[in-house]
Every structure is written in C-alpha cells, then in structure tokens.
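Trainee: I have a structure I would like to understand better, so I am pasting it below and will then ask my questions one at a time.
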Amino acid sequence: NLNNPKSDLARSVLLYLASAGPVILLSMLIRWIIPDLPQHQMLQEIRIQAPPWKIVIAFSAIVGAPLAEEVLFRGLLQSFLRKHMEVWPAILVTSVIFSVIHISVPDSVLPLILLSITMGWLYEHTQRLLGPILLHALFNGVSIAGTLLGA
C-alpha cells in the first residue's frame, strides 16, 4: 500500500532518530565488553572492493535487504503471528527471529531486536510495509555511509 508515502517517510525518519541512539549505544557497549567480535561481513567487503562493487553492495544493503526482509518479517511472519497472538508478542517473536538471522554479527543481535521492535510497531501502527522498509533502508544506509567515510 503506497497511500501517503510522505507520512511513511516522515515517520521513518523520526523513528530512526529516536531508535538509532539506543541501537548504536547497545552495539558499542557489547563491543566494549567483547572487543574482538568480527565486523559485519558486508561492511568489511564494502571497504575493500572496487567502486563498482561498492555500489552493488550498497544497493543490496540499502534497497534489496530492507525490501526482502521487511516483506518476509513484517509482511508475512508478523502478520501470521498476529492472527494467533496479541500485537506485542507478535512483534517480539518476529524481532527475535529477525535478529537471530543476523547472528553472524554477534554484537548486532540485541541492538537489532530494538530496531526490529521499532519496525514492527511502525508496521502495526500503519498497516503498511513502506515505513518499515524506509526505516530499515535508512539504518543500513547510514551504517554504510559511516563505513565508507571511515566513521
């Protein structure tokens, strides 16, 4: 449903601004406690690849992953769970599963639960996937930009 995309964009940006701090701080805390954790493979690759591959990786992370993962997790899984349980349990179960698929980056599991809860709430609030897709894309885009800029 693409009704009211400006509203979805505004909500996504506001929720990004509200959730990015806690997500990043939790990730930094985990890395401080366990300093030798590997970095996300995609972020490692984007640093070392030639410019054309950087574009492919960035596109995959900013467009492909948010689109595919939000359709799968919010559109299918969370919607299915909502038929069998209340809103918050469905959001929490979906968020845990979402974060576990990113287990290859151990410091991201708990922070991604927070981000996923935010995306799950946005989906329930709007009953549309555009907001969670935009929020997910914004989060990935800022992570890639930070990596490319050496932050």
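The values are calculated or read from the model by the stated rules, or taken from the named source; none is laboratory data. Since this is a predicted model, take the numbers as computed values, not measurements. Neighbour counts run over all protein chains shown; Cβ positions are idealised from the backbone, glycine included. Each accessible area value is taken on the protein alone, full model and side chains, heavy atoms only, with ligands, DNA and RNA left out. Shrake-Rupley method; radii C 1.70, N 1.55, O 1.52, S 1.80 Å.
Trainee: Got a sec? Which helices (runs of 4 or more DSSP H) wholly within region 1-93 have at least 2 residues that are at pLDDT 90 or above and surrounded by 14 or more Cβ atoms within 10 Å (Cβ to Cβ)? Outline the logic, then answer.
Mentor: Numbers: elements: 5-33, 41-48, 51-59, 65-70, 79-82.
In region 1-93, the matching helices (runs of 4 or more DSSP H) lie at 5-33, 51-59, 65-70, 79-82.
Trainee: Shifting gears a bit: Give just the number: which of (1) under 16 Å from LEU135 (Cβ atoms); (2) more than 14 Å from the chain's Cα centre (by Cα) does SER79 not satisfy?
Mentor: (1)
Trainee: Among the residues of region 119-137, is any assigned to a helix (DSSP H, G or I) and more than 22 Å from ALA18 (Cα to Cα)?
Mentor: There is no residue in region 119-137 that is assigned to a helix (DSSP H, G or I) and more than 22 Å from ALA18 (Cα to Cα).
Trainee: Consider only pairs whose beta carbons are under 9 Å apart and that are at least six residues apart or on different chains; among these, list those whose first residue lies in region 18-36 and is free of Cβ contacts under 8 Å to residues at least 24 places away in the same chain and under 16 Å from TRP121 (Cα atoms) and whose second residue is assigned to a helix (DSSP H, G or I) and open to solvent by 80 Å² or more (accessible area, probe 1.4 Å).
Mentor: none
Trainee: Enumerate the pairs (first residue in region 126-151 and touching a residue at least 60 places away in the same chain (Cβ under 8 Å); second residue anywhere and of a type in the set (Ser, Thr, Tyr)) with beta-carbon separation below 6 Å, excluding pairs fewer than 6 apart on the same chain, so at least 6 apart or on different chains.
Mentor: From region 126-151, the pairs are GLY131/SER12; PRO132/TYR123; LEU134/SER12; LEU135/SER12; LEU135/TYR16; LEU138/TYR16.
Trainee: Let me ask something else. Closer than 21 Å to ALA20 by Cα, open to solvent by 40 Å² or more (accessible area, probe 1.4 Å) and in contact (Cβ under 8 Å) with a residue 60 or more places away in the chain: is that true of PRO111 in this structure?
Mentor: So PRO111 fails the test.
Trainee: For a quick check of your reading of the model, give me the residue pairs whose first member lies in region 37-58 and is among the basic types (Lys, Arg), whose second is open to solvent by less than 40 Å² (accessible area, probe 1.4 Å), with beta-carbon atoms closer than 6 Å and at least 6 apart or on different chains.
Mentor: Hits for this filter: LYS54/ILE46.
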